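Written below as structure tokens is the structure these notes are about.
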Amino acid sequence: MKKLVWLMIAIMVVFGVIGVAQEKIVNYAMYSDLTTTNIWAMLGPDATVWNFYPTMVKYGSLYSQSDVTYQVVPGLADGFWSPLKKVTEDGTTLYVTTVHLLKGIKWSDGTPFTADDVVFSYEVPFKLKMPGNWMAALDPSVFAKIEKVDDYTVKIYIHKPSGKFIYGVLMSAIVQKKYWEPIYEKALKQPDPSKYLMSYGPTIDEPSIGSFNLSKWEKGAFVLSKAVPDYVFSGQQEIEYENGAVRYVTPKLSMDETYYGKAEGKVANKFITGPYVDSIVYRIYQNQSAAVQSLMKGTVDFILNPNGLQKGFADQLRNANNVAVTSNFALGFRYIAFNMRRYPMNLKAFRVAIAYLIDRNLLCNKILQGVAIPLATPVPPGNKFWYDSNIHPYGEGMTTAQRYQAAIDVLKKAGFTWKVEPKIEKGKLVQRGKGLIAPNGKPVETIDLMAPSAGYDPLRATAALWISKWANDIGIPISADLTSFNNIVNKVWSENFNYDIYMLGWGITIYPDYLRDFFYSKNAGPGGFNTPGYNNPAFDKLADEFIDQTDMNKAKELGYKLQEMLADEVPYVILFTTPMLEAYRTDRIQFAYTKTLDGIQSGYAGYGEISYVKLIK
Amino acid sequence: MSELQTVVKEPLWKIRIKLAWRGFLKNWNIFRQSKIGMLGLWIVIVFAILGFVVYPILAATVWRSSLAATVSYDPITGYDFQKINPSHPSLQHPLGTDPIGRDILSQLLYSTPREFMLGIFAALITVFIGTTVGTVAAYYGGILDTFFMRLADLILLFPMIAFLIVLSGMMKINMIMLALIIGILSGFGGITIVLRSQALTVKVKPFIESAKVSGARSFYIVFHHIVPNVMPLSFLYMMFSVTGAIFSEAVLSFLGLLNVKMSWGLMIHTSESGGYLLGAYIGRYWWLWVPAGLAITLLCGAFYFIGRGLDEVVNPRLRRR
Amino acid sequence: MGKYIGKRLFQIVILLVIYIAVVFFILHAMPGGMKALFISNPRLTPEAQQAILKAFGLDKPPLTQFLIYMRNSFTLNFGVSFSHYPTPVWEIIKERLPRTALLFITATIISFLIGFHSGKVLAWKRGKAVEYVSTIGGVVAYTIFTPVLAFLLIWFFGAYLRLFPLNQFLNPDLWANTSFSSQVIFLRLLLTASIIGAVILVALILSYRLSHNIRSRRLIFYIPTISSVVIAVFIWWKSPYGIYGADILWHMVLPVVEVTIISYAGIMLVMRDSMLETVKEDFITTARAKGLPDRVVRDKHAARTALLPVITNFIISLGFTLSGGIITETLFSWPGMGLAMYEAVISHDYPLAAGCLIFTGIFVLFAHLVVDIVYAFLDPRIRY
């Protein structure tokens, strides 16, 4: 056997490494394999970002969001949808809108894109009740039905006006009817049609309506994506003005449209759609460090990573030649949630006291060494449209001692007492508090703060230990219980909110419908999103108004009010977000933009960046 | 003989101790000749001193910190605000700091007694179960014997690390539970087979027969005559179990699957997942993985060395010609 | 002979049943039981969860559930993976298995050859410096923390010497336009390795059974071994797959080196001890007394008898290779069974994790059976 190996090595030397003909190829690193290329599974139970990166570019949607500024703009639709009109059908009230489709768009197999594709793509997942993203986009409480008017016009019926209509229904993915119809028909004859559709494969031969199409998936090794020749949007200029206007100039369709104002004044961004390369190879590595090494060696040009690079990698990549490291806000936050079904977490004063104690600045910049960015609101500042800059969290700008004092004052005012009262002299804690007694006269029992263990997430583990330290300093008996992620999820959701305080994180979306989902009183039941059990009729009313608002400027005002209410009542204390650190080879490739919420990779999960990447020669 | 005279003069327990001591000395002299065994013993002693003596002293003196210090040497919640972490070894931090500013040396020393306890606790359980089951199975034979031997076969089947990984993914496992699981699994496994065959050779010795004749109960014979005679072999396997337990812990912690606040494996996990162990540039942050990696290797190796040394005590055929 | 193997086969099936039962009960003992594990996938709709419950009979009484689970396990129906929904677990195992098997069978054979020879020499060099050095080196290699060794290898061979490729199991540039998948190559390589392995084993057994003369024994062993290797290389060379096979082997070198370093020492130490035991046997003393040269006594008399425990050790470790390589596979980017199991655990994909565990058990049991058969051939004391 030894000899066999040596002989094989000898053969390798003889053969040498075969070079590939001069094509424009960029190499990306991913560190997890795809689980499927099937769109039904991908937007259903297999919604992993790794599946999205190489594949989502194949599909279109009626509307999408502009690069960098995240404004809703037409995708495959021709102009905006018509205003919603109330109609009554069979005694139920529905709202209807008409959407016109662009003419002259072709799938990569040459078939023209028509209203049939749209109707098919909406009806199949809706009828089969496909889970996951399908269900979220075509929410049955919003979406009612879709009708074809002619080859380039559809009518969409919804139950009620809602933000989910714009960010869900109008942005649902569109597949080719010609490819999927025979498969769908076969599926209908199966006992579980949706499972049949989801497990159908391989779907490498499925036509694309985007700039790239899959060409090969070597499981565990790489995915090859090839540029679609004659991509209809190639050469399209996207011009974003500082006044908020977005202009699209599409030569192949001889179109020139401007939305959100007039095309005048200073230009903030200008992007021209590619594709500029012949193919993209998504190389699959099994761990981050392998991917980073390959970037340093120049084997890959960019690392796709939904969580960004760890600080250690970024530090080392900054010193590497021809590598640029970019930093953006991640779209997500880590938080602690109070169980407001239990005493004393239901007391606002208690929650406020904890909120005062948590020094995000010290935590993020000193303790966590800048690996985390302080964040006090559920809408990160990078989400410029929705972020409320008037939010001032408790204890902003205070020193540790001032924070102790503020927390003690709040507690005292609410009627809390101590057996040994904490004492602060000359800006220093000189006596730790002991034996906290609640306003009801009973001593406060140990309060469990569940957080993921260091093995799962050292950031949260460290944060939890510090929060318990600060609380203990003034006598609040919080004990950090570092446990498995699974265990926390289990306690919170499966055991019907069996917790005092827990610490987890959320990945979020640009449109902040989660403001309602996380705190809406009807979501406080078993398995619901409202884990704190926050119940505030005023909030509920406002949240309903917010979600039903289809004018986004008005929705923004309502969203601000929701954020302010949450900052005051603190059912959650938002702790921090992480920076999205990414790296690419500056000697090999060029991106259209690198400053964007959630990083360069965010463009790869949908549209955008992938069509802009250029090779430098 | 001289022993006979002492029987008259001294109480029984003293004689027992004396005999045990003499036996120990005899074995010790054999063990001492094994250079490998002695090397292992020394390493273990050094680790034990560092963990059980040096750490508590340091923690109570040099590493004590006040409520508002800028440096804390706590192995779990420690920090150093004055340095860019991970920082190089320096006077303040002889082995540097980890990515979030915790002192590596204090982590290393803090974990030492825990690794010892884990290893020894798991090994004690292994040996207790293995010895009891092995001797009982050998002495009584029959169905009991068949049952335990098949059980051992079954446990030999268990891919231990894989099993532990799956288990730790499903429930939170801490050090004590880990020790229990490893102890029980390996106790009923291969060690039973070895100790049973050893016990079988003891069982047929004449003194067992004479004990039976003089009316000793089976239970008494098993625990007073057979067990002491298989004890050295048990002790040998105990050393190997310690190695196994410490190694398993390190692997699970390295993969981030255990619910422990600090351990050698977790130290490497923290720096690996933080992005500091980068293949080609692994030397750049050597203090993040060398001390912990070396500690695991040394302690595992040391117990194994002791085991090899004991092998020569237990197994006369391996002794030098 | 047939009766003996039949008997062992029967025992092994019984063991397998017990093994699956144990895994089943462990799954049941988890908080919430198996039901919770199987439907706790938040990505599934209630309908899909009900479908899973039904498909696995989890709505039935425990005993029925147990029987269903047993039947499913024997038909390799381990359910549907959560993280790869709706791909069946068996599909994933099937994809990963050849990669792991090739890597670890190669490594195990190499470490066996090295371990066997060095152990033999070691036992003969009792008390010399060589013995201490290699024993200590062996134990260090045996107990070294696997990730640390991997780091060192990656750094030294991959980055410092730049001798071997890092991080992937094939070179995408080479494979971009192939019409076949790497699985085809893996299967063929595995077939080649198994044939060569079988030839070596048969040659070994034949050499011991047919001849008592060292020289002719060597001939019987080496002629088939070398010719099978040469023929295999020649066939690969001529086939259009040759370059792709070579590419995979080239990427396999570093992980193989790591596994070899870790496992050769175990075999070496067993071989040494086994040799030492044998050396004290009467027939060796007689052979020496006859004035036979040391080498002859060593190779002809002692090594033969000492081989038995080593072979047991070797084949049992073959069985464990399936799961044992989790760290090696993670650090060397080798997407095999170990990695599948690790990912399953991390993503709470219980059906996949349990499936890998049971499959590993089946593989280990199969290895046991092979041990029994080999034993029956090699050990003159076993009569059936």
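From (1) within 14 Å of chain A (Cβ to nearest Cβ); (2) of a type in the set (A, V, I, L, M); (3) under 24 Å from residue B:78 (Cβ atoms); (4) more than 21 Å from the chain's Cα centre (by Cα), pick out the condition that doesn't hold for residue B:290.
(1)
Would you confirm, using the coordinates I've provided, whether residue A:80 is outside any loop (DSSP other than H, G, I, E, B), in contact (Cβ under 8 Å) with a residue 12 or more places away in the chain and more than 22 Å from the chain's Cα centre (by Cα)?
On the way: outside any loop (DSSP other than H, G, I, E, B): no; in contact (Cβ under 8 Å) with a residue 12 or more places away in the chain: yes; more than 22 Å from the chain's Cα centre (by Cα): yes.
Here the answer is no, as residue A:80 does not meet what is asked.
Would you pick out the residues in the stretch C:320-345 that are surrounded by fewer than 24 Cβ atoms within 10 Å (Cβ to Cβ) and modelled with pLDDT under 80?
Selection gives C:320 alone.
Take residue C:254 and tell me if it is in contact with a Phe, Trp or Tyr (Cβ under 8 Å, 6 or more places away or on another chain) and more than 10 Å from every other protein chain (Cβ to nearest Cβ). Step through it out loud before you land on a result.
Working: in contact with a Phe, Trp or Tyr (Cβ under 8 Å, 6 or more places away or on another chain): yes; more than 10 Å from every other protein chain (Cβ to nearest Cβ): yes.
Here the answer is yes, as residue C:254 does meet what is asked.
Table: residues versus (1) assigned to a helix (DSSP H, G or I); (2) among the polar types (S, T, N, Q); (3) buried (at least 18 other Cβ atoms within 10 Å of the Cβ).
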| position | (1), (2), (3) |
| --- | --- |
| C:185 | yes, no, yes |
| C:192 | yes, yes, yes |
| C:200 | yes, no, yes |
| C:205 | yes, no, no |
| C:219 | yes, no, no |
| C:228 | yes, yes, yes |
| C:232 | yes, no, yes |
| C:240 | no, no, no |
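Are any residues in the stretch A:195-217 of a type in the set (Lys, Arg) and over 18 Å from residue C:88 (Cβ atoms), and if so, which ones? First the steps, then the outcome.
Going residue by residue through the stretch A:195-217, those that are of a type in the set (Lys, Arg) are A:195, A:216.
Residue satisfying the conditions is A:216 alone.
All but one of (1) surrounded by fewer than 20 Cβ atoms within 10 Å (Cβ to Cβ); (2) closer than 28 Å to residue C:85 by Cα; (3) of a type in the set (A, V, I, L, M, F, W, C) hold for residue A:149; state the number of the condition that does not hold.
(2)
Assess whether residue A:464 counts as being within 30 Å of residue A:559 (Cβ to Cβ), at pLDDT 90 or above, in contact with a Lys or Arg (Cβ under 6 Å, 6 or more places away or on another chain) and not basic (Lys, Arg).
Working: within 30 Å of residue A:559 (Cβ to Cβ): yes; at pLDDT 90 or above: yes; in contact with a Lys or Arg (Cβ under 6 Å, 6 or more places away or on another chain): no; not basic (Lys, Arg): yes.
Against the criterion (within 30 Å of residue A:559 (Cβ to Cβ), at pLDDT 90 or above, in contact with a Lys or Arg (Cβ under 6 Å, 6 or more places away or on another chain) and not basic (Lys, Arg)), residue A:464 does not qualify.
Looking at A:232, A:175, A:228, can you tell me which residue is under 27 Å from residue A:50 (Cα atoms), at pLDDT 90 or above and touching a Lys or Arg at 6+ places or on another chain (Cβ under 8 Å)?
Details: A:175 fails: touching a Lys or Arg at 6+ places or on another chain (Cβ under 8 Å); A:228 fails: touching a Lys or Arg at 6+ places or on another chain (Cβ under 8 Å).
It is A:232.
Which members of the stretch C:147-165 meet the condition of being under 23 Å from the mean Cα position of the chain (by Cα) and facing chain B (nearest Cβ under 7 Å)? Outline the logic, then answer.
First, the residues of the stretch C:147-165 that are under 23 Å from the mean Cα position of the chain (by Cα): C:147-151, C:153-154.
Once the filter is applied, which keeps residues that are under 23 Å from the mean Cα position of the chain (by Cα) and facing chain B (nearest Cβ under 7 Å), the stretch C:147-165 yields C:147, C:148, C:151, C:154.
Can you go through A:530, A:535 and tell me which one is free of Cβ contacts under 8 Å to residues at least 24 places away in the same chain, surrounded by 17 or more Cβ atoms within 10 Å (Cβ to Cβ) and part of a loop (DSSP other than H, G, I, E, B)?
On the way: A:535 fails: free of Cβ contacts under 8 Å to residues at least 24 places away in the same chain.
Result of the check over A:530, A:535: A:530.
Looking at (1) farther than 30 Å from residue A:362 by Cα; (2) in contact with a Gly (Cβ under 9 Å, 6 or more places away or on another chain); (3) buried (at least 24 other Cβ atoms within 10 Å of the Cβ), which is the only condition residue B:190 fails?
Tallying (1) farther than 30 Å from residue A:362 by Cα; (2) in contact with a Gly (Cβ under 9 Å, 6 or more places away or on another chain); (3) buried (at least 24 other Cβ atoms within 10 Å of the Cβ), residue B:190 fails exactly one: (3).
All but one of (1) surrounded by 21 or more Cβ atoms within 10 Å (Cβ to Cβ); (2) within 14 Å of another protein chain (Cβ to nearest Cβ); (3) over 30 Å from residue C:179 (Cβ atoms); (4) modelled with pLDDT of 90 or more hold for residue A:130, so report the exception by its number.
(4)
Considering only residues that are part of a loop (DSSP other than H, G, I, E, B), surrounded by fewer than 19 Cβ atoms within 10 Å (Cβ to Cβ) and in contact (Cβ under 8 Å) with a residue 60 or more places away in the chain, which ones fall in the stretch A:233-275?
A:244, A:260
So that you can scan it fast, the table gives a plain yes or no per residue for (1) aromatic (Phe, Trp, Tyr); (2) surrounded by 15 or more Cβ atoms within 10 Å (Cβ to Cβ); (3) within 12 Å of chain B (Cβ to nearest Cβ):
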site: A:413; (1), (2), (3): no, no, no
site: A:419; (1), (2), (3): no, no, no
site: A:422; (1), (2), (3): no, yes, yes
site: A:434; (1), (2), (3): no, no, no
site: A:439; (1), (2), (3): no, yes, no
site: A:444; (1), (2), (3): no, yes, no
site: A:453; (1), (2), (3): no, yes, yes
site: A:458; (1), (2), (3): no, yes, yes
site: A:462; (1), (2), (3): no, yes, yes
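For the stretch A:487-524, enumerate the residues that are free of Cβ contacts under 8 Å to residues at least 24 places away in the same chain, within 21 Å of the chain's Cα centre (by Cα) and either over 30 Å from residue A:71 (Cβ atoms) or within 14 Å of chain B (Cβ to nearest Cβ) (or both).
Scanning the stretch A:487-524 gives a single hit, A:489.
Any residue at all in the stretch B:202-218 that's in contact with a His (Cβ under 9 Å, 6 or more places away or on another chain), under 25 Å from residue C:347 (Cβ atoms) and assigned to a helix (DSSP H, G or I)?
So far as the stretch B:202-218 goes, no, none of its residues is in contact with a His (Cβ under 9 Å, 6 or more places away or on another chain), under 25 Å from residue C:347 (Cβ atoms) and assigned to a helix (DSSP H, G or I).
Any residue in the stretch A:450-466 that is β-branched (Val, Ile, Thr) and more than 30 Å from residue B:252 (Cα to Cα)? Give the steps one after another, and end with the answer.
Of the residues in the stretch A:450-466, the ones β-branched (Val, Ile, Thr) are A:462.
When the remaining residues are screened for being more than 30 Å from residue B:252 (Cα to Cα), the result is none.
No: zero hits.
So residue A:196 fits all but one of (1) part of a strand (DSSP E or B); (2) within 13 Å of chain C (Cβ to nearest Cβ); (3) surrounded by fewer than 21 Cβ atoms within 10 Å (Cβ to Cβ); what number is the exception?
(1)
Do we find a residue being away from chain A (no Cβ under 14 Å), of a type in the set (Lys, Arg), more than 30 Å from residue C:162 (Cβ to Cβ) and touching a Ser or Thr at 6+ places or on another chain (Cβ under 9 Å) anywhere in the stretch B:198-217? Write out each step before concluding.
We begin by selecting, within the stretch B:198-217, every residue away from chain A (no Cβ under 14 Å); these are B:198-217.
Next, only the ones that are of a type in the set (Lys, Arg) stay: B:203, B:205, B:212, B:217.
Add one more test, that the residue is more than 30 Å from residue C:162 (Cβ to Cβ), and what stays is B:203, B:205, B:212, B:217.
From what's left, touching a Ser or Thr at 6+ places or on another chain (Cβ under 9 Å): B:203, B:212.
Yes, the conditions are met somewhere in the stretch B:198-217.
Say whether the condition of being more than 19 Å from residue B:291 (Cβ to Cβ) and at pLDDT 85 or above is met by at least one residue in the stretch B:62-82.
no
When the stretch A:222-262 is examined, which residues are found to be within 26 Å of the chain's Cα centre (by Cα), under 24 Å from residue A:26 (Cβ atoms) and not aromatic (Phe, Trp, Tyr)?
Once the filter is applied, which keeps residues that are within 26 Å of the chain's Cα centre (by Cα), under 24 Å from residue A:26 (Cβ atoms) and not aromatic (Phe, Trp, Tyr), the stretch A:222-262 yields A:223, A:224, A:225, A:238.
Quick one: which helices (runs of 4 or more DSSP H) lie wholly within the stretch C:1-68 and hold at least 3 residues that are at pLDDT 65 or above and outside the structural domain of residue C:371 (by TED's automatic domain parsing)?
Working: elements: C:2-29, C:33-39, C:46-55.
Once the helices (runs of 4 or more DSSP H) in the stretch C:1-68 are filtered for at least 3 residues that are at pLDDT 65 or above and outside the structural domain of residue C:371 (by TED's automatic domain parsing), what remains is C:2-29, C:46-55.
I want to confirm something. Restricting to the stretch B:120-146 and keeping residues that are polar (S, T, N, Q) and surrounded by fewer than 22 Cβ atoms within 10 Å (Cβ to Cβ), which single residue is nearest to residue B:224 (Cα to Cα)?
Just the residues of the stretch B:120-146 that are polar (S, T, N, Q), to begin with: B:126, B:131-132, B:135, B:146.
Still in the list and also surrounded by fewer than 22 Cβ atoms within 10 Å (Cβ to Cβ): B:132, B:146.
Values: B:132: 12, B:146: 24 Å.
Looking at the filtered set, the residue picked out is B:132.
Search the stretch B:246-287 for residues being of a type in the set (Ser, Thr, Tyr) and in contact with a Gly (Cβ under 6 Å, 6 or more places away or on another chain), and hand back the single one that is nearest to the other protein chains (Cβ to nearest Cβ).
We begin by selecting, within the stretch B:246-287, every residue of a type in the set (Ser, Thr, Tyr); these are B:248, B:253, B:263, B:270-271, B:273, B:276, B:281, B:285.
If we keep only those that are in contact with a Gly (Cβ under 6 Å, 6 or more places away or on another chain) as well, we get B:253, B:276.
On the way: B:253: 7, B:276: 4 Å.
The residue in question is B:276.
Within the stretch A:122-136, can you find the residues that are touching a Leu at 6+ places or on another chain (Cβ under 8 Å) and not hydroxyl-bearing (Ser, Thr, Tyr)? Spell out how you get there, then give the answer.
Step one: filter the stretch A:122-136 for residues touching a Leu at 6+ places or on another chain (Cβ under 8 Å), giving A:122, A:124-126, A:128, A:130-134.
If the condition is that a residue be touching a Leu at 6+ places or on another chain (Cβ under 8 Å) and not hydroxyl-bearing (Ser, Thr, Tyr), then A:124, A:125, A:126, A:128, A:130, A:131, A:132, A:133, A:134 are the ones that fit.
Is it the case that residue A:496 is farther than 23 Å from residue A:330 by Cα and assigned to a loop (DSSP other than H, G, I, E, B)? Can you show your working first?
Details: farther than 23 Å from residue A:330 by Cα: yes; assigned to a loop (DSSP other than H, G, I, E, B): yes.
The answer is yes for residue A:496.
The values are calculated or read from the model by the stated rules, or taken from the named source; none is laboratory data. Please read these numbers as outputs of a predicted model, since none were measured by experiment. Counting neighbours? That spans all protein chains shown, and the Cβs are built from the backbone with ideal geometry, glycine included.
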